Amino acid sequence: MSEHHFLTTIFKPENFKKEELELILKQFDAVTFKKNDFLIESDKIAPYYYFLESGFLRSYIIDFEGNDITTHFYGPEDIVIDWHSYFLKKPCKESFRALSDGQCWKISFEKFMNLFSIESFREVGRTRLVKNYFELKNHSISIIADDAKDRYLTLLKDKPAIVQNAPLKHIATYLGITDTSLSRIRKEIAKG
C-alpha cells in the first residue's frame, strides 16, 4: 500500500509498524457515492463505518411531527458512524445521506475487531470516539445555552466547508432554528 494512501492521514505511518499499517489498510474498501446516496439508513443495522475522503454528508432523523432534523454534518477526514448500531447491532435511528458526490473508505465490524490486537489501532479508535463524544456534547449544550447567532458563527468558524456545501434548510435544523431565522442572522452578519 502506498504511503500516500488517504488512510495514512488517519493511521499515520510514524505510529505503526510497516506490517501493521499494511494490514490495517487492506481491511478497508473504497466506496464512491453520489449526491443523495445513503451510507447508513434508519431502521437498518449499520454494517460498516466510514472514513470520509471527499464530499459531504449529513445525518438526520425524522421527528415525531414528520420534520427532517439534521443531527450532524460530515466533511473530509471525518468518521461516519452510528456507534450504537455498529457496535450493538441495533437498528439506526438516523439516516446518513450524501450532500455531494464523494469517496470514503469502509470497514466491516468483523474486520474492525480483527484489528483490535494492534495497540495503535485501538488508540486511534479511542481518540476518534472521544473527539466525537465532545463534539456531540458541545453541540447539545450549545443548543440550550447559546443564542442562534452564536451557534451559527461557531459552525461558520469550525466547519466553513459545511456552511458552503449544505443547504440552508439543513443548517437551520442543525442549529435548532427556522430557515427564516437563519436568513435573518446571515443578513445581520453580512451587514457587519
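Observations, loosely collected:
- You will find that of Ile143, Ile162, Ile189, Ile185, the residue that is in contact (Cβ under 8 Å) with a residue 12 or more places away in the chain, closer than 16 Å to Tyr74 by Cβ and assigned to a helix (DSSP H, G or I) is Ile162 and no other.
- In the range 175-192, the qualifying residues are those that are among the small types (Gly, Ala, Ser) and surrounded by 14 or more Cβ atoms within 10 Å (Cβ to Cβ), and the one that is nearest to the chain's Cα centre (by Cα) is Gly176.
- For the range 52-126, the strands (runs of 3 or more DSSP E) that sit wholly inside it and include 2 or more residues that are farther than 18 Å from Asp29 by Cα are 57-62, 68-74, 95-98.
- All positions within the range 93-122 that are over 28 Å from Tyr174 (Cα atoms) and either in contact (Cβ under 8 Å) with a residue 60 or more places away in the chain or surrounded by 12 or more Cβ atoms within 10 Å (Cβ to Cβ) (or both): Ser108, Phe109, Lys111, Phe112, Asn114, Leu115, Ile118, Ser120, Phe121, Arg122
- Candidate set: the range 39-50, residues that are in a strand (DSSP E or B) and at pLDDT 95 or above; chosen: the one surrounded by the fewest Cβ atoms within 10 Å (Cβ to Cβ): Tyr48
- For the range 153-174, the tally of residues that are surrounded by 19 or more Cβ atoms within 10 Å (Cβ to Cβ), modelled with pLDDT of 95 or more and in contact with a helix residue (DSSP H, G or I) (Cβ under 7 Å, 6 or more places away or on another chain) stands at 2.
The values are calculated or read from the model by the stated rules, or taken from the named source; none is laboratory data. Keep in mind it's a predicted model, so treat the numbers as computed, not measured. Reconstructed Cβ throughout: ideal geometry from the backbone, glycine too, with neighbour counts over all protein chains shown.
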